[in-house]
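The values are calculated or read from the model by the stated rules, or taken from the named source; none is laboratory data. Only a predicted model underlies this, so the values are computations on that prediction, with no experimental measurement involved. Neighbour counts run over all protein chains shown; Cβ positions are idealised from the backbone, glycine included. The area values use the complete protein model at the heavy-atom level, side chains included, leaving out ligands, DNA and RNA. Shrake-Rupley method; radii C 1.70, N 1.55, O 1.52, S 1.80 Å.
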Amino acid sequence: MAGQMTGMQATGKGRTALVLGATGGVGGELARALAARGWTVRGLRRKPAEQPQPDGIEWVVGDAMNAADVAAAAEGTALIVHAVNPPGYKDWDRLVLPMVDNSIAAACANRARILLPGTVYNYGPDVFPLIPETAAQNPLTRKGAIRVEMERRLHRAVGQGTGKGARLLILRCGDFFGPKAGNSWFNQGLLTPGKPLTRINQPGRPGIGHQWAYLPDVAETAMRLLDREAELGDDAMFHMEGHWDANGDRMVAAIAHALGKPGLPVRRMPWWLLRLAGVAVPLFRELGEMRYLWQRPVRLDNRRLLAFLGEEPHTPLELAVRRTLEGLGHLPAQPADMPEAGRCIPDRAISSRRG
């Protein structure tokens, strides 16, 4: 595996990618992975960086809501990563679709591929618990309906005339976590932001499984898919397995173990408080809207991904959680001499967990 990985590091050499959302957790992880792969990476940001950023990204000042800014930044690109969301979960109904339309226009102009990190918000209980790429998308929430419309527009943009349409890659994952994940259920749901870790919140019901995605593994999976650009086709979609927590308690136990506090109290998520606080705080309102995803097992089926790649990059949960807590400042950073993201469990081991 190590030799194979080394041989793949320069596969993006000579190609340019634009990352929208590069200052965020998902976009930033993908941007750094592309730069490490040899891509020339442009990151769009609304304000100039206060100091040089040693991440291999060429920063361009602009706004994803401004079509001219996106078009200028995307000129000559082969890939546009659309990982941008309205800050603070505000104004989704007003901002999300214009931003994806700008990405689509820029991709069509350059015959570029759009990479979209997909979510489970698109789905309703009619397709639970195991969700393949072909499942119907009947969401229960406003946010889910917007994500469905995003993907509808992206699929429609594929092949708009010979040589003029965009190409598309959707990589769908569970709830993100990682050292630089930003807003996430991990650091704003299970943990209490801005406070010492004296307890862990448990959003789900006892015995209900939940799916997590470690961002460095997501980025590595995306890179391996892009390494095989010629085989993807114009409209590709894959689901990741990530970390499946079958009983809903494995992630909580991993956090307590990493902290060295096996007896750390676990509190059921106060959903009633989220509903109350959501009147004034958009983030809490959006979190509360997603409660249904914690009430039943929701699992993405990764068999198509395994058939295509042969394996899914998979960092062991204990290491992934420790790196995440280090990145959030809850643990001192350890020397980077342990296996890192991209370490893979063989296919049969990943498949056996499904049984």
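In table form, for the structure just shown:
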| item | result |
| --- | --- |
| Selection from region 239-255 of residues that are open to solvent by less than 30 Å² (accessible area, probe 1.4 Å) and small (G, A, S) | G242, G248, A254 |
| Condition broken by R304, with the remaining ones in (1) in contact with an Asp or Glu (Cβ under 9 Å, 6 or more places away or on another chain); (2) not in a helix (DSSP H, G or I) satisfied | (2) |
| Residues satisfying the stated conditions in region 1-35, i.e. open to solvent by 30 Å² or more (accessible area, probe 1.4 Å), modelled with pLDDT under 95 and outside any loop (DSSP other than H, G, I, E, B) | A2, G3, Q4, M5, T6, G7 |
| Test result for I131, of a type in the set (V, I, T), under 19 Å from the mean Cα position of the chain (by Cα), farther than 30 Å from G207 by Cβ and open to solvent by less than 20 Å² (accessible area, probe 1.4 Å) | no |
| Residues (in a loop (DSSP other than H, G, I, E, B), buried (at least 19 other Cβ atoms within 10 Å of the Cβ) and more than 13 Å from the chain's Cα centre (by Cα)) located in region 180-207 | L191, P203, G204 |
| Qualifying residue in region 256-275 (condition: surrounded by fewer than 19 Cβ atoms within 10 Å (Cβ to Cβ), under 26 Å from Y123 (Cβ atoms), modelled with pLDDT of 85 or more and in contact with an Asp or Glu (Cβ under 8 Å, 6 or more places away or on another chain)) | no |
